[in-house]
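A short reminder: the numbers here are calculations on the coordinates, not readings from a lab. Bear in mind that the values here come from a model prediction, so they are computed numbers and not experimental data. Methodologically, a virtual Cβ is constructed for each residue, glycine included, from the backbone with ideal geometry; neighbour enumeration extends over all protein chains shown.
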Amino acid sequence: MDSFLDFFSQISWWGWILIVLVLVAIRDIFLQKKHTISHNFPIVGHLRYILEKFGPELRQYFVANNREELPFNRIERGWIYASAKKENNYEGFGTDRDIYAHHHIFINNAMMPYQISENHPNAIDKTFLPCAKVMGAFHKRRKPYRPASIINVSAMSFGSLSAKAIESLNKGVKIAGAYHNTGEGGLSPYHSHGGDVIFHFGTGYFGVRAADGGFSMEKLVTLVETNPFIKAIEIKLSQGAKPGKGGVLPGAKITHELANIRGVEVGKDVISPPNHTAFSNVPEMVDFIEKIAEATGLPVGIKAAIGKLDQWGELADIMAETGKGPDFITVDGGEGGTGAAPPSFADHVSLPWVYGFSDLYRLFQNKGLSERIVFIGSGKLGFPGKAAMAFAMGVDCINVAREAMMSIGCIQAQICHTNRCPSGVATQSKWLQNGIDPTLKSERLAQYFKTFRKELIEITHATGYEHPCQFKMSDVEINVDDHNLSKELNKTYMYEKTPVPFTSMQDLKDCLYLGGKN
């Protein structure tokens with residue numbers, strides 16, 4: 001035994017390296033059958049898999065230029081990070097963006113900017129920017145709601161995001177005076193830190209789920225009555241990442257906490273069907289919306305990614321004939337989002353936001369319905385320039401998801417679906433979540449929102465208006481082709497936005513329904 005140990009003790013460090021490499025080569029050639037590259041090129045072939053694994057990170061930091069990454073390039077991420085930290089978010093020596101590129105946005109500034117008075121709300125608070133419309137006003141809901149911020153947190157559930165991320169977002173919207181959409185995972189304790197909440201549910205009815213997996217009105221009424229910070233209800237028909245496809249939450253992820261929140265069994269796979277069971281057609285959906293509004297008193301809206309318009313046309317006809325229907329419509333872009341989805345869906349199913357929204361808005365406008373609906377845009381709109389374009393097209397509020405995640409630390413690692421998010425934002429790993437300080441991150445979310453609103457107000461004033469709702473489609477141009485490189489939005493999308501009733505920012509500040517104060 002001693003001689004055996006002596007033999008091994010005499011092997012140098014480089015000898016051990018050679019032994020390990022020989023063993024790896026034997027394994028590659030004779031034992032493994034899965035990988036042709038490592039079989040044909042033992043040892044060296046492993047470098048290919050290592051580089052493939054770390055390729056996205058290498059490109060992100062060393063290869064890609066400032067403007068070429070997707071879904072968000074380095075300049076966009078940098079602006080969010082700097083804005084959230086209240087750092088210098090300016091850029092020097094002019095823009096490095098190709099301003100002649102397809103879909104580049106131009107905002108037509110006025111010769112004389114809008115001038116605010118000494119006592120104007122924006123002279124007192126440079127970030128004060130509420131929604132110009134009141135949710136539920138047309139249908140006379142018992143508890144109308146005017147969002148106190150035109151930028152808010154989009155639907156991202158606890159389960160998709162971590163507990164500390166949800167807590168940070170909710171505390172942040174409280175500071176910023178915005179609202180927080182729960183996503184379809186139900187209302188968790190982490191949504192309950194004082195911020196306004198829009199309760200969102202999909203086909204799984206999590207949080208308002210009956211014993212048979214269907215919808216429970218009793219649970220929804222109880223939820224609303226015991227949580228007065230819930231200001232509106234949103235029914236998800238589809239989402240940009242995977243419209244028309246249900247989701248699967250593996251049983252291994254269903255902890256006791258998640259099971260209690262979602263109303264499901266511990267350790268059992270939860271499959272969300274593509275269709276609702278509470279309704280099966282458009283008339284039934286309208287009846288369902290009205291029942292919820294009557295039972296809760298809250299504004300009720302729907303969220304969808306846009307594709308075919310025939311059923312939307314049917315909805316518009318019913319609304320025009322009966323005076324019933326959703327109080328708000330959230331239009332999600334087909335660009336995809338934080339939800340994990342097959343590339344075939346994320347890449348090809350449903351329209352990008354700018355096309356989907358313009359089609360839908362024009363349809364409802366033609367029926368004389370655009371004034372009664374609060375339109376919410378969701379699809380990479382978390383930047384002041386894009387927001388100005390969205391408001392010119394008819395949006396009343398903006399929901400942001402990935403931009404909000406970046407403000408609290410997301411680094412666009414693009415592994416949200418693996419439970420290995422290195423920033424702790426999109427994972428249920430307790431260890432990875434430990435890096436998130438909700439007190440600090442909530443301040444950063446709030447500061448991002450405030451910076452966003454401040455810059456959008458400044459753009460609005462530069463174009464001669466007091467509130468973004470006053471933007472006209474002719475105020476924004478977009479590059480569309482080589483023959484007429486830049487066209488105004490109304491000429492590009494072939495409609496004129498309906499003017500939004502607006503008197504003054506002071507009237508919005510004095511509104512009884514601002515931030516759900518009623």
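Computed from the Cβ-Cβ distance with R0 of 30 Å, the FRET efficiency linking residue 487 to residue 517 stands at 0.10.
When semi-axes √(5λ) of the Cα gyration tensor in Å is calculated for this entry, the matching label among [x] 44, 29, 23; [y] 32, 28, 25; [z] 49, 33, 26 is [x].
To one decimal place, what Kirkwood hydrodynamic radius in Å is obtained for segment 253-301 from all pairs of distinct Cα atoms? All intermediate terms of the calculation are to be shown ahead of the outcome.
On the way: mean 1/r = 0.0760 Å⁻¹.
Hydrodynamic radius (Kirkwood, Cα pairs) of segment 253-301 is 13.2 Å.
For segment 372-439 and segment 88-164, what is the separation of their C-alpha centers, rounded to whole Å? A separation of 15 Å, based on Cα centres.
Ordering of 286-299, 95-108 by packing is 286-299, 95-108, highest average first (other Cβ atoms within 10 Å, averaged per residue). Relative to one another, the C-alpha centroids of segment 440-518 and segment 288-336 are positioned 23 Å apart. Computed from Cα positions, the angle between helix 13-26 and the longest principal axis of the chain comes to roughly 70 degrees. Relative to the longest principal axis of the Cα atoms of the chain, helix 282-296 runs at roughly 80 degrees. Computed from Cα atoms, the angle from the helix 310-322 axis to the main principal axis of the chain rounds to 30 degrees.
The slack between residue 22 and residue 74, meaning 0.36 nm per residue of separation minus the straight C-alpha distance, is 14.5 nm. Comparing segment 381-518 with the 2.2 N^0.38 Å rule of thumb, its C-alpha radius of gyration ratio is 1.34 (two decimals). Length available on full extension from residue 14 to residue 308: 0.36 nm per residue minus the Cα-Cα distance, which gives 99.3 nm.
How do 178-191, 439-452 rank on mean C-beta neighbours within 10 Å, highest first?
Peptide ranking by packing, descending: 178-191, 439-452.
The protection proxy used here, the mean number of other Cβ atoms lying within 10 Å of each residue, ranks peptides 491-503, 391-403, 456-468, 205-217 as follows, highest first: 391-403, 456-468, 205-217, 491-503. Here the label points at residue 366 and residue 411, each 7 Å from Cα along the C-beta direction, are separated by 4.9 nm in the simple model.
Could you work out the percent of alpha carbon pairs in segment 100-156 separated by over 12 Å, rounded to a whole number?
For segment 100-156, the fraction of Cα-Cα distances above 12 Å is 79 percent.
Of the cross-linked pairs 450/472; 140/497; 140/303; 126/450; 450/517; 231/291, those separated by over 19 Å at the C-alpha level are 450/472; 140/497; 140/303; 450/517. In the neighborhood of residue 278, defined by Cβ-to-Cβ distances under 13 Å, what is the net charge if each Lys or Arg adds +1 and each Asp or Glu adds -1? Summing Lys/Arg as +1 and Asp/Glu as -1 gives 0.
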